[in-house]
1. Here's a check for you: in the stretch 5-41, which residue that is in a helix (DSSP H, G or I) and more than 15 Å from Asp179 (Cβ to Cβ) is most open to solvent (accessible area, probe 1.4 Å)?
2. Please determine whether any residue of the stretch 301-311 is within 28 Å of Glu16 (Cα to Cα), away from ligand 2 (no atom under 16 Å from the Cβ) and assigned to a helix (DSSP H, G or I).
3. Regarding Phe289, is this residue assigned to a helix (DSSP H, G or I), of a type in the set (Phe, Trp, Tyr) and open to solvent by less than 10 Å² (accessible area, probe 1.4 Å)?
4. Step by step: first the residues of the stretch 247-268, then only those that are assigned to a loop (DSSP other than H, G, I, E, B) and among the aliphatic types (A, V, I, L, M), then the one that is least open to solvent (accessible area, probe 1.4 Å). Which residue is that?
5. Working only within the stretch 342-382, note down all residues that are in a helix (DSSP H, G or I) and among the β-branched types (Val, Ile, Thr).
6. Would you mention how many residues in the stretch 1-55 are among the aromatic types (Phe, Trp, Tyr) and more than 20 Å from Gly87 (Cα to Cα)?
Amino acid sequence: MTGDVYILGIETSCDETAAAIVRSGAQIVSNVVFSQIATHQPYGGVVPELASREHLRAIVPVVRKALVDAGQNYQSVDALAVTQGPGLAGALLVGISYAKALAFALDKPLVAVNHLEGHIHAVLLEERQKGNHQLDFPVLALVVSGGHTHLYLAEQKGETWAYQNIGHTRDDAAGEAFDKVAKLLGLGYPGGPIIDKLSVHGNPKAVAFPPSQIKHPNRKEGRSATGTGPRTDFSYSGIKTAVLRHVQIHNLQASIDARRRKLAAIPQPKFEEVLANCDLQMLDLVASFQQAMVEDLVEKTLTAARAYEVATLFVTGGVAANNQLRQRFEKDAAMEGLRVYFPSRPLSTDNAAMIAAAAYPKFLMRDFAPLNFSAEAGMALK
Ligand code: KG4
Ligand code: ZN
């Protein structure tokens, strides 16, 4: 195939309705993300039914805007791509049904994309955009988001990409831990960006959290998928419980409730308002929690990188937007002579440019989705 290929990507797996046009997997032509934060904020987390409803409302204007911003129209794009999973079933179905209908009506090919592969391709897309087409293999990718903390070895054979999972969280994902801890401390939703900003104001050494413990590390899951190397699993429900215990032992509940009440009275609280309602004890706790999370993610990922002698590291997904995580990875990876790549912050969190980019190699291989394919809420990446 020669010439430019314009793919319209659609992403509705969680709480962002997104559409984007990407040229030949290497250039973002438009990128529209409609966030549902305001809808879910009063509930302190994503409400699946509301997410589906909001996607239904937003999908048509979001796709139209992506086309207009790109100077394209429904007929001019070469193919459509949509997230098949993993994600919320009802939310995924909105994007899939819409993409199927469009592809059928326009007689265009449709590519189904795994959301996690999308996060990995966010890095590849931006590197190509910067003119970096050279990548040293093996590549290890940490996909760290609200639903996942997964480590993959990524390989490219011709146009095709293949992935081997060498570890994942046994319980809560890292982003989920940020969100749950923010909720239990009355800091608001989503927790990651708030904790990221609050942490600068606290002492990360104030509270010592014990390292996460994985029970049965060497049971039958003790090897990677192909059995050729060690597994590196994560666990983040323990640290959430440790934060809760800290709150109980130090009698912090009354001040948390007071903050929650104050912030609930403000329609969409700004960061400064959250900060103004945190005392130093709370800021120290938040900074120490983030420090422990970052420590664990970096340490485990670099141990895996050493075990598999990888040349390149990708860190992607919503939590990859975290400032301290980026700094620690950059510093520690450099000490080991390892190249580490992150997406820009807007492409770390959910977007459709990454879906259109991941679809490009599949488009070249004519790996199109049949019109009867459906959402796969627990879809694995292979
Ligand atoms: O990739 P993403 O947008 O959606 C999923 O696929 O889950 O990731 C969302 C997650 C949320 O848990 C959010 O709190 C977290 O990413 N997150 C962050 C930051 N920005 C978003 N976590 C830590 N620091 C951040 N700056
Ligand atoms: Zn995601």
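The values are calculated or read from the model by the stated rules, or taken from the named source; none is laboratory data. Note that the structure is a prediction, hence the values are computed from the model and not measured. Neighbour counts run over all protein chains shown; Cβ positions are idealised from the backbone, glycine included. Only protein heavy atoms, including side chains, enter the accessible area calculation; ligands, DNA and RNA are left aside. Shrake-Rupley method; radii C 1.70, N 1.55, O 1.52, S 1.80 Å.
1. My answer is Ala38.
2. First, the residues of the stretch 301-311 that are within 28 Å of Glu16 (Cα to Cα): 301.
In the following step, the residues that additionally are away from ligand 2 (no atom under 16 Å from the Cβ) were identified as 301.
Applying the additional criterion that residues be assigned to a helix (DSSP H, G or I) yields 301.
Yes - at least one qualifying residue is present in the stretch 301-311.
3. Values: assigned to a helix (DSSP H, G or I): yes; of a type in the set (Phe, Trp, Tyr): yes; open to solvent by less than 10 Å² (accessible area, probe 1.4 Å): yes.
It is true that Phe289 is assigned to a helix (DSSP H, G or I), of a type in the set (Phe, Trp, Tyr) and open to solvent by less than 10 Å² (accessible area, probe 1.4 Å).
4. Leu252
5. Scanning the stretch 342-382 gives a single hit, Ile355.
6. Just the residues of the stretch 1-55 that are among the aromatic types (Phe, Trp, Tyr), to begin with: 6, 34, 43.
Then drop every residue that is not more than 20 Å from Gly87 (Cα to Cα), which leaves 6.
Number satisfying all stated conditions: 1.
Conditions tested, residue by residue: (1) more than 16 Å from ligand 2 (Cβ to nearest atom); (2) modelled with pLDDT of 95 or more.
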residue: Phe178; (1), (2): no, yes
residue: Gly186; (1), (2): yes, yes
residue: Ile195; (1), (2): yes, yes
residue: Gly222; (1), (2): yes, no
